[in-house]
Amino acid sequence: MPKTKIFISSVNEDGLKPLRQKVYHQLKQLGHEPLMWEENLGPWLGHVDPVHRCLEAVEESDIYLLFIGSQAGTYYGNAMRTVTHMEFIKACEQGKLILVFADIEVKQCYFGTVKPILEQCIEKYVASESRFPPPTHLIELLQADFRIPSGIDPYVWYFYYDMTQRKVYIDDLTLGVPIDWEMYFSDLLRRGSLLLPLEDYIEQTSMRLEQYDDAFELITSLLPSMQFTGLEQPEGALEKIRRMLKGGDIEQVYGQYMTECIGYYRDCCAATLYTLLEDMLYLDAASGNAVPVPEFKLDDQSSYMALTVQMGNPAEQIYYKEAKAMFYHCIFSGSKVLTLHYPADPDWNARKFIHYKESVNRAILSKNPLIIEWIKLFLGGLKR
């Protein structure tokens, strides 16, 4: 019978060291295979990044066991996360069984005092900047707030916030009060929680032939100098474009260490094409399930196309409408405005879009880059 691999994670602070050692040895006695930095995750060759190795170990594990005290650990600026936080994110992204035990006093302080302050800071920043604040900004605000205990690393509060947003249950941990790990894990076993999780790996291979690269480079160099009189069948052309644009995963990037899948968007389901004449946008064609209006004024702030035109020529922007659960990719080039509609997965809402706006932009704009570049060049060459 295969052993259950359990990754034991925590900051290397004094109060947690005895606990980590005890649970490590108890899990071995129970016949499982615990993985822990101090015991069996090293040593490595000099060229092996320890952060990458820890993340690989999380990926290899079946259960992720986290202990949280008052310290946050090493913060990596390019990932904007601590290594412990990255391990937690990797466990979430991989769909592992996650068990979190947090110092009961720190936990009570978060839910009783810090959480409303933190949420207020986030709301204020989103209202003024239309994006989610970076961790460093929140940490600075929390450090300066006299209502929050100074003896606890402020990054811990940000970590708590992320766990609650992911709806991960946080169990109580009272240092000095022993936990009967044999009973705890035996109970998990009885409930079937120690079954190895099923993992789906989707492998995507993208190869660009040298001849294709040369042909594309030639087309892109010629199109700006060409003028087209128009499209004889704009609906048909729009339908061909729409069918070529596929959906995909939306990933949050944490420096060079890891990425996390935070959602997805489906294949392009609709497209509209408008022409700009003076201060109006007039419909040329529509494809898919779009229900377009004949015209828009440029000062119409409810029109994503008008907002994109106001950015200048050329322009490109991604929008999200919660009422329709839809991402809108607007492209303004020459006198034409093309809008591509991508259905969002059910987990998306306006707040999540603001939080991960940069990740959404990166996912949609980089999914079909060659096609999008060609479309922009083509639209720019069309006459009014």
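Applying the selection to region 309-362, what residues are among the small types (Gly, Ala, Ser) and within 15 Å of the chain's Cα centre (by Cα)? Talk me through it step by step, then tell me what you get.
Initially, region 309-362 is screened for residues among the small types (Gly, Ala, Ser), giving 312, 315, 323, 325, 333-335, 344, 350, 359.
If the condition is that a residue be among the small types (Gly, Ala, Ser) and within 15 Å of the chain's Cα centre (by Cα), then Ala344, Ala350, Ser359 are the ones that fit.
Looking at region 143-162 only, could you name the residues that are open to solvent by 30 Å² or more (accessible area, probe 1.4 Å) and not aromatic (Phe, Trp, Tyr)?
Filtering region 143-162 for residues open to solvent by 30 Å² or more (accessible area, probe 1.4 Å) gives 143-144, 146-147, 149-151, 153.
Across region 143-162, the qualifying residues are Gln143, Ala144, Arg147, Pro149, Ser150, Gly151, Asp153.
Could you check how many residues of region 123-146 are in contact (Cβ under 8 Å) with a residue 24 or more places away in the chain, closer than 12 Å to Ile354 by Cβ and touching a Phe, Trp or Tyr at 6+ places or on another chain (Cβ under 7 Å)?
Let us first name the residues in region 123-146 that are in contact (Cβ under 8 Å) with a residue 24 or more places away in the chain, namely 126, 130-132, 134-136, 142, 145.
Those still in the list that are closer than 12 Å to Ile354 by Cβ too: 126, 130-132.
Adding the requirement that they be touching a Phe, Trp or Tyr at 6+ places or on another chain (Cβ under 7 Å) leaves 126.
Going through region 123-146 one residue at a time, the tally reaches 1.
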Inset, instruction - Please give the number of the condition Ala285 fails out of (1) outside any loop (DSSP other than H, G, I, E, B); (2) under 23 Å from Pro346 (Cβ atoms). - result: (2)
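Please indicate, with yes or no, whether at least one residue in region 23-32 is open to solvent by less than 20 Å² (accessible area, probe 1.4 Å), in contact with a helix residue (DSSP H, G or I) (Cβ under 9 Å, 6 or more places away or on another chain) and of a type in the set (Ser, Thr, Tyr).
For region 23-32, residues open to solvent by less than 20 Å² (accessible area, probe 1.4 Å), in contact with a helix residue (DSSP H, G or I) (Cβ under 9 Å, 6 or more places away or on another chain) and of a type in the set (Ser, Thr, Tyr): present.
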Legend entry - In region 112-142, residue farthest from Lys96 (Cα to Cα) [restricted to those that are polar (S, T, N, Q) and surrounded by 12 or more Cβ atoms within 10 Å (Cβ to Cβ)]: Thr113
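Scan region 133-155 for residues that are part of a loop (DSSP other than H, G, I, E, B) and either over 28 Å from Gly15 (Cα atoms) or within 22 Å of the chain's Cα centre (by Cα) (or both) and report the count.
Selection size over region 133-155: 2.
Say we look at region 33-48 and pick out the residues that are among the aliphatic types (A, V, I, L, M) and either part of a loop (DSSP other than H, G, I, E, B) or surrounded by fewer than 19 Cβ atoms within 10 Å (Cβ to Cβ) (or both); which of these is modelled with the lowest pLDDT?
Within region 33-48, the subset among the aliphatic types (A, V, I, L, M) is 35-36, 41, 45, 48.
Keeping just the survivors that are either part of a loop (DSSP other than H, G, I, E, B) or surrounded by fewer than 19 Cβ atoms within 10 Å (Cβ to Cβ) (or both) gives 36, 41, 45, 48.
Values: Met36: 88, Leu41: 74, Leu45: 60, Val48: 71.
Selected residue: Leu45.
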Legend entry - Where Glu316 falls short, out of the listed (1) charged (D, E, K, R); (2) more than 20 Å from Met280 (Cβ to Cβ); (3) in contact with a helix residue (DSSP H, G or I) (Cβ under 6 Å, 6 or more places away or on another chain): (3)
Inset, instruction - Determine which single condition Glu373 fails, assuming it passes every other condition in (1) open to solvent by 50 Å² or more (accessible area, probe 1.4 Å); (2) out of contact with any helix residue (DSSP H, G or I) (no Cβ under 8 Å at 6 or more places or on another chain); (3) modelled with pLDDT under 85. - result: (2)
Inset, instruction - Kindly indicate the residue of region 255-274 that is surrounded by fewer than 20 Cβ atoms within 10 Å (Cβ to Cβ) and either assigned to a strand (DSSP E or B) or hydrophobic (A, V, I, L, M, F, W, C) (or both) and also farthest from the chain's Cα centre (by Cα) among those meeting that condition. - result: Cys269
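Checking the conditions here, which among Gln301, Gln256 is out of contact with any Asp or Glu (no Cβ under 6 Å at 6 or more places or on another chain) and either of a type in the set (D, E, K, R) or under 30 Å from Met86 (Cα atoms) (or both)? Explain how you work it out, then say what you get.
Numbers: Gln301 fails: either of a type in the set (D, E, K, R) or under 30 Å from Met86 (Cα atoms) (or both).
When all the criteria are applied, what remains is Gln256.
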Inset, instruction - Give just the number: which of (1) under 27 Å from Gln94 (Cα atoms); (2) touching a Lys or Arg at 6+ places or on another chain (Cβ under 7 Å) does Gln252 not satisfy? - result: (2)
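Among the candidates Phe353, Phe332, which residue alone is modelled with pLDDT of 90 or more, closer than 30 Å to Lys167 by Cα and surrounded by 15 or more Cβ atoms within 10 Å (Cβ to Cβ)? Spell out how you get there, then give the answer.
Working: Phe332 fails: closer than 30 Å to Lys167 by Cα.
When all the criteria are applied, what remains is Phe353.
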Legend entry - Search result, residues across region 87-144 that are at pLDDT 90 or above, in contact with a helix residue (DSSP H, G or I) (Cβ under 7 Å, 6 or more places away or on another chain) and among the polar types (S, T, N, Q): Gln94
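If a residue must be open to solvent by 80 Å² or more (accessible area, probe 1.4 Å), part of a helix (DSSP H, G or I) and closer than 17 Å to Thr74 by Cα, how many such residues does region 1-22 contain?
Step one: filter region 1-22 for residues open to solvent by 80 Å² or more (accessible area, probe 1.4 Å), giving 1-3, 12, 14, 17-18, 22.
This time we only want the ones that are part of a helix (DSSP H, G or I), so: 14, 17-18, 22.
Within this subset, residues satisfying the condition of being closer than 17 Å to Thr74 by Cα are 14, 17.
The total comes to 2.
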Legend entry - Residue list for region 62-81, restricted to those being β-branched (Val, Ile, Thr) and either surrounded by fewer than 22 Cβ atoms within 10 Å (Cβ to Cβ) or in contact with a helix residue (DSSP H, G or I) (Cβ under 6 Å, 6 or more places away or on another chain) (or both): Thr74
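Conditions tested, residue by residue: (1) in contact with a Leu (Cβ under 6 Å, 6 or more places away or on another chain); (2) in contact (Cβ under 8 Å) with a residue 60 or more places away in the chain.
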{"position": "Leu307", "(1), (2)": "no, no"}
{"position": "Gly312", "(1), (2)": "no, no"}
{"position": "Glu316", "(1), (2)": "no, yes"}
{"position": "Glu322", "(1), (2)": "no, no"}
{"position": "Ser333", "(1), (2)": "yes, no"}
{"position": "Pro343", "(1), (2)": "no, yes"}
{"position": "Lys352", "(1), (2)": "no, yes"}
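Scan region 82-103 for residues that are more than 20 Å from Tyr184 (Cα to Cα) and crowded, with 20+ Cβ neighbours inside 10 Å and jot them down. Write out each step before concluding.
Here is the first cut: in region 82-103, the ones more than 20 Å from Tyr184 (Cα to Cα) are 82-95.
Residues satisfying the conditions are Thr82, Val83, Thr84, His85, Met86, Glu87, Phe88, Ile89, Lys90, Ala91.
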Inset, instruction - Check Ala315 against each of (1) surrounded by fewer than 20 Cβ atoms within 10 Å (Cβ to Cβ); (2) under 11 Å from His341 (Cα atoms) and name the one condition it does not meet. - result: (2)
Inset, instruction - Keeping to region 297-314, report how many residues are at pLDDT below 90 and in a strand (DSSP E or B). - result: 0
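The values are calculated or read from the model by the stated rules, or taken from the named source; none is laboratory data. Only a predicted model underlies this, so the values are computations on that prediction, with no experimental measurement involved. Methodologically, a virtual Cβ is constructed for each residue, glycine included, from the backbone with ideal geometry; neighbour enumeration extends over all protein chains shown. We work out accessible area using only protein heavy atoms, side chains counted, and drop any ligands, DNA or RNA first. Shrake-Rupley method; radii C 1.70, N 1.55, O 1.52, S 1.80 Å.
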